[in-house]
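The values are calculated or read from the model by the stated rules, or taken from the named source; none is laboratory data. Given the structure is predicted, the values throughout are model-derived calculations rather than measurements. As a convention, Cβ positions derive from the backbone with ideal geometry for all residues, glycine included, and neighbour counts pool all protein chains shown. Ligands, DNA and RNA are stripped out before the accessible areas are found, and what is left, the full protein with its side chains, is counted by its heavy atoms. Shrake-Rupley method; radii C 1.70, N 1.55, O 1.52, S 1.80 Å.
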Amino acid sequence: QVQLVESGGGLVQAGGSLRLSCVASGSIFSINAMGWYRQAPGKQRELVASITRGGISNYADSVKGRFTISTDNANSTVYLQMNSLKPEDTAVYYCHVVMGVSTYWGQGTQVTVSS
């Protein structure tokens, strides 16, 4: 069993910054990729950023240049540094991990950006 625990969400004014963290624990083996998705009210869940075990990262166009994904592989942790936040970034952010043929999701952390 794998558990993903997210932290770092909260309320911030437009232009501010937040840093999300996600720690994977349990039966961890050969993580292929880690990433962050988000879901705003009434919208589908969308990819925000992902990073492979080899360090290749991918970002949604809407966050390029503002968000940075990184990992601490030794501690099975993935981070999302979010700068220049906008009200449209408001959503529940979910951590996502791919191990082998299995995928795992965190419980989500709320990010609210006020204008």
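Using the Kirkwood formula over every pair of different C-alpha atoms, what hydrodynamic radius in Å results for the chain?
Values: mean 1/r = 0.0712 Å⁻¹.
Hydrodynamic radius (Kirkwood, Cα only) of the chain equals 14.1 Å.
Provide the net charge surrounding Y37, with neighbours chosen by a C-beta distance below 9 Å and charges set as Lys +1, Arg +1, Asp -1, Glu -1.
Details: positive: R38, R45; negative: E46.
That works out to +1.
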Computed ³J(HN,Hα) along region 53-62: with the Karplus parameters 6.51/-1.76/1.60, θ = phi - 60°, integer Hz and x for glycine or proline, the list is 4, x, x, 7, 10, 9, 10, 5, 4, 5
Counting only protein heavy atoms and leaving out ligands, DNA and RNA, the solvent-accessible surface of S57 at a 1.4 Å probe, in Å² to the nearest 10, equals 60 Å²
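Among 11-19, 74-82, how do they line up by average Cβ neighbours within 10 Å per residue, starting with the highest? All intermediate terms of the calculation are to be shown ahead of the outcome.
Details: 11-19: 13.7, 74-82: 18.6.
The densest-packed peptide leads the list: 74-82, 11-19.
Normalised by the number of residues in the chain, what is the relative contact order in percent for Cα pairs under 8 Å and 6+ residues apart? Show your work: numbers first, answer last.
Details: 280 pairs, mean separation 42.0, N = 115.
The value is 36 percent.
Roll a 1.4 Å probe over the protein chains and send me the accessible area per residue for the chain in Å². Please report the intermediate quantities before stating the final value.
Values: 5960 Å² over 115 residues.
For the chain, the solvent-accessible area averages 52 Å² per residue.
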Here, T52 and S84, labelled 7 Å along Cα→Cβ, have an inter-label distance in nm of 2.7 nm
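Would you mind getting me the FRET efficiency between L11 and N75? Use the beta-carbon distance for r and R0 = 41 Å, nearest 0.05.
Computed FRET efficiency for L11 and N75 comes out at 0.90.
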Of region 20-37, those with amide N under 11 Å from the point 7 Å along the Cα→Cβ vector of Q3 are 24-27
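Assigning unit charges at the beta carbon (Lys, Arg +1; Asp, Glu -1) and nothing else, what dipole magnitude in debye, to the nearest 20, does the chain show about its Cα centre?
On the way: 8 positive and 6 negative charges, 19 e Å.
With Lys and Arg at +1 and Asp and Glu at -1, about 100 debye.
Lys and Arg at +1, Asp and Glu at -1: add these up for the other residues within a Cβ distance under 12 Å of E88 and post the number. List each step's numbers first, then the result.
Numbers: positive: R38, K43, R66, K86; negative: E46, D89.
In short, +2.
For the chain, with all protein chains present and a 1.4 Å probe, just round the carbon and sulfur fraction of the accessible area to a whole percent.
On the way: 2910 of 5960 Å².
Roughly 49 percent of what the probe reaches on the chain is carbon or sulfur.
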Distance in Å, no decimals, from the C-alpha centre of region 92-115 to the one of region 12-63 is 6 Å
